[in-house]
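What follows is calculated from the coordinates using simple rules that are stated; it is not laboratory data. All of these numbers come straight from a predicted model, not from anything done at the bench. Backbone-built Cβ (ideal geometry, glycine too); neighbour counts: all protein chains shown.
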Amino acid sequence: MEKLILGLCPYCGMGCRFYIKTLNGEPVEIEIYEGGVNEGKLCPKGLTALDFLRHNDRLTKPLKRTENGFEEISWEQAIKEIAEKILEIRDKYGPDALGFFSSARCSNEENYLLQKIARLLGTNNVDHCARLCHASTVAGLAQTVGAAAQSGSYDDIPKAKVLLIWGYNPAETHPVLMRYILRAKDNGAKIIVVDPRKTKTAWFADIHLPLRLGTDIALANAMMHVIIKERLYDKKFVFSRTKGFEKLIKVVEEYTPEYAEKITGIPAHLIREAAVTFATAGRGIIMWAMGLTQHITGTGNVKALADLGLICGYVGKEGTGLFPMRGQNNVQGACDMGALPNVLPGYQKVTDGKRVAEIWGVEELPSEPGLTIPEIINKAHEGEIKALYIMGENPVVSDPNTKHVIEALKELELLVVQDIFLTETAKYAHYILPAAAYAEKEGSFTASERRVQWNFKAIEPPEEAKPDWEILRMLGKALGLKFDYESVEDVTREIALVAPQYRGITPERLKRDVEGIQWPCPSEDHPGTKRLHVESFATPDGKANIIPVEFKPPAELPDEEYPFMLTTFRVVGQYHTATMSGRSKALTKRWGEAYAEINPKDAQKLGIESGEKIRIVTRRGSYECKAKITKRIGEGVIGVPWHWGANVLTNDVLDPEAKIPEFKVSACRVEKVM
Amino acid sequence: MKLFINLGRCIACKACEVACEKEHGISFISVYEFEDMAVPLNCRHCEKAPCIEVCPTNAIKRDGDGAVIINEEKCIGCYMCSAVCPYAIPIVDPIKELAVKCNLCADRRKEGNLPLCASVCPTDALVFGEINEIMEEKRKRKAERIVEAQRKAIEKIALFG
């Protein structure tokens, strides 16, 4: 029997819908759903989103590491042993010897349950890979505008008159969003792209600013310098809705375009042109992603962009906004659910957990903020974290300084990995639990524009694999917690009670309104919120804080031994650690091979021909791949897609505020492989 | 009806290639990427199609929507169509060893659907429709831009004299 089930794309944070066609319960093909935020459009990853579901490599049975390698074990036994070990470690070393990595690839319900388990066990050591992508956004926006989310909707993009796209390459990472961007261009919007590489997004730019790696603040400050000097800022908005402008004037005073030119390498006249174009457009949106956030000054970078948007009055109005673009299908939701060490669901601070404790029926919750992912890895290395529970993450490939991560995992007394494939991380686990993939379970997911959508189940999981929420329910019960949820919908309803932004978002509504609801949604009859900050900001006094920041150079700069700068990026046909996309033939035949971009002049100096094998070496490791000689990248810079393990090279130095590693800048040298 | 290439809108995401491969087993559309732009290329379904003219067995015909179709029953695999094609389109089907190319998703069109490449293309770099209608739409946008520029110029004169 043929069936069409409405699907939700498991890849990026765009939130695209499609149909999954099944025949006798087996997935057959993706069909077009003429609606949703994607308007029926799909990128190559969405088109191949069924390819990995029935792959032979799927994990189908719980596994336990023994002297003879991994052996199959029953669910009952696995959960019992894991729960006993967790409790034993907690009782012996205290709750803060436990760590939990939640997942931006799992549903809201699953993230909610995992953080609840962590907190009921007495620790806030729960985090997820937003730490590695938008942690600096969360910190930067919380301090400036009070809400760590995309302020407007995709629909605002075509209404803007200028788009400032900073460290963000949607042509590769959110292809369907390019539809909205090109529509803005059709409507006469100017496009300014800030990126050290001439990305595919930069093809469409009116102004491309290829800045030196890690000099973002100098550029943003110089743009604000011009806007203030030429009195192009929105005086009414600045005086009625923000505070801190006077301090900003003082800080950006010295950042003349000529001074910034020396730091950024961008000609002063181009900085002026970009600043004037941006400020005089009338309606503007700033979009950013990892090129901005993954720096030791990540939080400062975000504040600088927020300041820039605020002084131009580009927040809270049609065709304006601050748009941190979300990379994973539920990275917004995982943050909303409190899979973060300092906040409970709905961004309620752990230091003030009384309300949540009451709903959960417990006396108190741990009130000290917990550890972040890089800190948990470091503490595992030092032997202070003894047990780590990882749901749907692959830190061995996704985290910086791979060697250090592996050493840390080897130190653990207990490592549990819950995933759909035997990832590079799972290889180090004591227990591996087979999870259901997106099409094999139900639950809600929150896309980049705060849009919560229901994910319908289309097919059964393979063999004994189970939805993550069911696994967590079993684990919760085995840990002695009151986890008597009968269905995933029970969890969705509890989220509505706990997270104020989700108050009116019920499973019934989500299943009826399949195109979703944008939070905040304060009651069941509320239609959801397209735009944040319309009348006031989510700060205590309702005013946005303009917080000036000073430029600081990246942690590692080129020297004699490591004369090049290294940065990382992604390609459209692979996704992150390639656990899923790497198992699609249609994708791997087009995007199957690691490479590094190198400027023709540098290649000539090093005697490297296109397609030759090279070795890139940093202080942390070395990595071999083919050379791709291209003018897309500037002289002195090497660019590497990170899907194939390039994080052996990257720097694990952290932004002190958000604890995000500086993936985007390292010093390296390049050798020809003979 | 034509599959029109909106030059300058392709982001080289290759959704068309992947979609075509899913639909037909082989991709009949190829995206060529350069340092500053990309172009998707498939059968142009020419009005005066040299392939139709040259085919010795009359295996190539035009259907009701204007699509140029190779009838595999009649094809003898001489590849004269490939030889004369101005865009080097017809290729060898690896299984049947006969000439194959894009048929604008004949099966999908029968059910009232668009060719899959045009259906999925995220940026409308590929659109399926009447050329005159597509051009009219594009022309209107150009006119809007001209008016916008003119209005700005008038505003400036009003402000600064």
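Using just the Cα positions, wrap the range A:2-47 in a convex hull and report its mean projected area in square nanometres, one decimal place. Display every interim value, and only then the final one.
On the way: hull surface 11.7 nm².
Approximately 2.9 nm², given one-decimal rounding.
With a sphere of radius 11 Å drawn around the Cβ of residue A:21, what net charge do the other residues whose Cβ falls strictly inside it have (Lys, Arg +1; Asp, Glu -1)? All intermediate terms of the calculation are to be shown ahead of the outcome.
Details: positive: A:3; negative: A:2, A:26, A:29, A:31.
Its environment carries a net charge of -3.
Sum up the charges of everything whose Cβ sits under 13 Å from the Cβ of residue A:162, counting Lys and Arg as +1 and Asp and Glu as -1, but leave residue A:162 out. Mind showing how you got there, number by number?
Working: positive: A:159, A:161, A:185, A:190, A:283; negative: A:156, A:206, A:273.
Cβ neighbours under 13 Å give a net charge of +2.
Counting helices only, and only those DSSP H runs with n ≥ 4, report the 222 nm mean residue ellipticity of chain A as the sum of -39,500 (n - 2.57) divided by its residues, in deg cm²/dmol to the nearest 500. Walk me through the numbers on the way to the answer.
Numbers: 24 runs with 208 residues, N = 674.
Calculated from helices alone, the mean residue ellipticity at 222 nm is -8500 deg cm²/dmol.
For the range A:5-89, how big is Rg over Rh, using alpha carbon atoms and the Kirkwood form of Rh?
1.19
Would you please state which residues of the range A:269-305 a label at residue B:155 would reach in this model, taking the label point 7 Å out along Cα→Cβ and a backbone N cut-off of under 11 Å?
Flagged as within label range: A:280-283.
Please compute, for peptide A:44-50, the average count of beta-carbon atoms on other protein chains lying within 10 Å of each residue's beta-carbon.
Numbers: counts 11, 3, 4, 10, 5, 0, 1.
Partner-chain Cβ atoms within 10 Å, mean over residues of A:44-50: 5.
For the range A:567-608, what number results from the quotient of the Cα radius of gyration and 2.2 N^0.38 Å?
On the way: Rg = 13.6 Å, N = 42, 2.2 N^0.38 = 9.1 Å.
The value comes to 1.49.
Kirkwood hydrodynamic radius for the range A:135-325: how many Å is it when counted over pairs of different Cα atoms? Please report the intermediate quantities before stating the final value.
Details: mean 1/r = 0.0623 Å⁻¹.
Computed over the range A:135-325, the radius equals 16.0 Å.
Can you give the relative contact order of the range A:135-325 as a percent, counting alpha carbon pairs under 8 Å and 6+ residues apart? Mind showing how you got there, number by number?
On the way: 358 pairs, mean separation 65.7, N = 191.
Result for the range A:135-325 is 34 percent.
Per 10 Å bin, what is the whole-percent P(r) computed from every C-alpha pair distance within the range A:564-672?
Taking every Cα pair in the range A:564-672, the percentages come to 15, 44, 32, 9, 0.
Return the average number of partner chain Cβ atoms within 10 angstrom of each residue Cβ along peptide A:56-62. Walk me through the intermediate numbers first.
Values: counts 0, 0, 0, 0, 0, 0, 0.
For this peptide, the per-residue mean of nearby foreign Cβ atoms is 0.
May I ask you to derive the relative contact order of chain A, considering only C-alpha pairs under 8 Å and at least 6 residues apart, and to give it as an integer percent? Mind showing how you got there, number by number?
Numbers: 1640 pairs, mean separation 134.9, N = 674.
In percent, rounded to a whole number, it is 20.
What does a probe at residue B:130 reach in the range B:43-81, counting residues whose amide N is under 15 Å from the point 7 Å along Cα→Cβ?
B:65-66
Counting every Cα pair in the range A:85-191, what percent are over 22 Å apart? Intermediate results must be reported in sequence, preceding the final value.
Values: 3035 of 5671 pairs.
Above the 22 Å cut-off, the range A:85-191 has 54 percent of its Cα pairs.
Let me know the Kirkwood hydrodynamic radius for the range A:283-383, please, with Cα pairs as the basis and the value in Å to one decimal. Write out the running numbers ahead of the final one.
Numbers: mean 1/r = 0.0614 Å⁻¹.
In the range A:283-383 this quantity evaluates to 16.3 Å.
Just add up the charged neighbours of residue A:561: K/R +1, D/E -1, any other residue whose Cβ is under 13 Å from the Cβ of residue A:561.
Values: positive: A:619, A:669; negative: A:556, A:559, A:560, A:671.
That works out to -2.
If R0 is 22 Å, what FRET efficiency do you get for residue A:362 and residue A:80 from their C-beta distance, rounded to 0.05? Numbers along the way, then the final one.
Details: r = 24 Å, r/R0 = 1.08.
Taking R0 as 22 Å, the efficiency between residue A:362 and residue A:80 is 0.40.
Report, as a whole number in µm² per second, the diffusion coefficient that Stokes-Einstein gives for the range A:106-152 at 4 °C and 1.567 mPa s using the Kirkwood radius over alpha carbon pairs.
On the way: Rh = 12.2 Å.
Taking Rh from Cα pairs, D becomes 106 µm²/s.
Rounded to the nearest 0.05, what FRET efficiency do residue B:91 and residue A:351 have when you use their Cβ-Cβ distance and R0 = 51 Å?
Working: r = 65 Å, r/R0 = 1.28.
Calculated transfer efficiency: 0.20.
Determine, at each q value in 0.22 (inverse angstroms), the log₁₀ of I(q)/I(0) that the Debye formula gives when each Cα of the range B:43-101 is one equal point scatterer.
Debye intensities relative to I(0), on a log10 scale: -0.79.
Report, as a whole number in µm² per second, the diffusion coefficient that Stokes-Einstein gives for the range A:367-473 at 37 °C and 0.692 mPa s using the Kirkwood radius over alpha carbon pairs. Show your work: numbers first, answer last.
On the way: Rh = 15.3 Å.
D, rounded to a whole number, is 214 µm²/s.
Given a cut-off of 23 Å, name the pairs among A:45/A:530; A:235/B:142; A:628/B:14; A:589/B:22; A:386/A:427; B:2/B:48 whose C-alpha atoms lie farther apart than that in the structure shown. Write down the numbers at each step before the final one.
Working: A:45/A:530 27 Å; A:235/B:142 34 Å; A:628/B:14 19 Å; A:589/B:22 14 Å; A:386/A:427 18 Å; B:2/B:48 14 Å.
Correct reply: A:45/A:530; A:235/B:142.
How would you rank A:646-656, A:39-49, A:102-112, highest first, on the average number of other Cβ atoms within 10 Å across their residues?
Most protected by this proxy first, the peptides run A:102-112, A:39-49, A:646-656.
Could you tell me which residue out of A:267, A:502, B:150 lies farthest along the dipole of the protein assembly as shown toward its positive end? Charges go on the beta carbon: Lys and Arg +1, Asp and Glu -1, centred on the Cα centre.
B:150
Note down the Stokes-Einstein diffusion coefficient of the range A:509-634 in µm²/s, whole number, using a Kirkwood radius over alpha carbon pairs, 25 °C, and 0.890 mPa s.
Values: Rh = 20.2 Å.
The estimated diffusion coefficient comes to 121 µm²/s.
Can you give the charge dipole size of chain A about its Cα centre, rounded to the nearest 20 debye, using +1 on the beta carbon of Lys and Arg and -1 on the beta carbon of Asp and Glu?
Numbers: 86 positive and 90 negative charges, 406 e Å.
In total the dipole reaches around 1940 debye.
Cβ neighbours within 10 Å, averaged per peptide: list A:472-483, A:86-97 in order, most packed at the top. Walk me through the numbers before you get to the answer.
Numbers: A:472-483: 18.8, A:86-97: 16.7.
Averaged packing, sorted descending, gives the order A:472-483, A:86-97.
Just to be sure I understand: if I project the alpha-carbon convex hull of chain B onto a plane and average over all orientations, what area do I get in nm²? Please list the in-between numbers first.
Values: hull surface 49.8 nm².
Hull-based average projected area comes out at 12.4 nm².
Of the listed peptides A:601-607, B:131-137, what is their order by residue-averaged count of other C-beta atoms within 10 Å, with the highest listed first?
On the way: A:601-607: 14.3, B:131-137: 11.3.
Packing order, densest peptide first, comes out as A:601-607, B:131-137.
Over the Cα atoms, compute the radius of gyration (one decimal) and Dmax (the largest Cα-Cα distance, rounded to a whole number) for chain A, in Å.
My reading of the Cα-based Rg and Dmax gives 24.0, 72 Å.
Give me the one-decimal nm value for the distance between modelled label points at residue A:674 and residue B:84, 7 Å along each residue's Cα-to-Cβ direction.
So the label points at residue A:674 and residue B:84 sit 5.7 nm apart.
If you average the sequence gap of Cα pairs under 8 Å that are 6 or more apart and divide by the length of chain B, what percent do you get for the contact order? Don't jump to the answer; show the numbers that get you there.
Values: 221 pairs, mean separation 42.4, N = 161.
Relative contact order comes out at 26 percent.
If you project the alpha carbons of the range A:220-350 onto the principal axes, what extent comes out on each, in Å, largest first?
44, 34, 26
Taking the simple approach of a point 7 Å from Cα along Cα-to-Cβ for both residue A:407 and residue A:239, what is their distance in nm?
Label at residue A:407, label at residue A:239, 5.9 nm between them.
I'd like the mean, over residues of B:5-17, of how many other protein chain beta carbons sit within 10 Å of each residue's own Cβ. The partial results should precede the final answer.
Working: counts 0, 1, 0, 3, 6, 3, 16, 6, 12, 10, 12, 2, 6.
Mean number of neighbouring Cβ atoms from other chains: 6.
Just grab the label-to-label distance for residue A:524 and residue B:137, each label 7 Å out from Cα along the Cβ direction, in nm (one decimal).
4.2
Between residue B:30 and residue A:619, what's the calculated FRET efficiency when r is the beta-carbon distance and R0 is 41 Å? Round to 0.05.
Numbers: r = 42 Å, r/R0 = 1.02.
Taking R0 as 41 Å, the efficiency between residue B:30 and residue A:619 is 0.45.
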